[in-house]
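Engineer: The structure's right below; bear with me while I get my questions together.
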Amino acid sequence: MQPRALSFAVLNHKGGSCKSTTAVNLAGAMAERGLRALVIDLDPQGAASYWLCGEGPHRTTPGTGVSARVIATAAPGVDLLPASPADEARADSGAGLEEDGWAFSAGDLSSLLEQGPWDVAIADCPPTLGARTRLALAVTRELLVPVEAHVLAVRGLAQLFTAMVRLDCGPRAGGHTVRVVACRVDRRKRLSGEVLEILRARLGPQLLQTVIRENVQLAEAPSFHAPITRYAPGSPGASDYRKLAEELLAAHGRGAPE
């Protein structure tokens, strides 16, 4: 079953690649445009959960259904299906995920997205291609791959695409649309420009026009438990994630009320 909402798996197997930054701030930008967004935190480290809700209690009692686990955040229009660090050691042990004695499947999550009120679902994947990532791929239509404007990150991107093809979820397999967004771009440094040229040459239209500039407020926002569009609405980071939301919506021929 495919969800009716726009659905993205934010994926890169390199740690520190702006995955959670992109998942949270894209959700905030979508919500700012009047869409209701759900962030699905599938990373046991729980960066997106901490960003949106701090260290608050995210656990539920065994047997709790997936819909009961969704919580509202302080950001209007942004809901969260939080991570639970309790099963970090078991995260990639099988197709199902066991959370505090409760297991859910791709079918459970697909049903949640089909029946829920969300216009956009964004899954923050772990930096692996294990069970949690496969779950995200089963319930989303698009892969959004953030990549730093750094030569080593470009090399890692090629390795990621190779691994995805083996999972039958590569750029031309599995029915997923793959889009890449360049992050941490510093226009003052020649290296950033050179990396962007390499990415455009290799990826063509898969590379989005929007770039996310290096911006200190993006690093500060998690401490204030708010997307950049609320923490620093006039910052370059907020502007860039608004542009990213607009570009993705335009790709689907969709708009949203401001």
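Every read-out reported here was derived from the displayed coordinates using simple, explicitly stated rules and does not represent laboratory data. In this text the structure is predicted, and so the values were computed from the model without any measurement. Cβ coordinates were reconstructed from backbone atoms using ideal geometry, including for glycine residues, and neighbour counts include every protein chain displayed.
Engineer: Can you order the peptides 230-237, 189-196 by their average number of other Cβ atoms within 10 Å per residue, highest first? List each step's numbers first, then the result.
Structural biologist: Values: 230-237: 17.9, 189-196: 14.6.
Per-residue Cβ counts within 10 Å, averaged per peptide and sorted highest first, yield 230-237, 189-196.
Engineer: Now a separate question. Could you work out how far apart the two model spin labels at Ile198 and Arg254 are, taking each label as a point 7 Å from the Cα in the direction of the beta carbon, and quote it in nm?
Structural biologist: My value for the distance between the label points is 3.4 nm.
Engineer: Now for a different question. Taking the C-alpha atoms of the stretch 174-258, how large are the radius of gyration and the largest Cα-Cα span, Dmax, in Å?
Structural biologist: Both quantities, over Cα of the stretch 174-258: 14.4, 39 Å.
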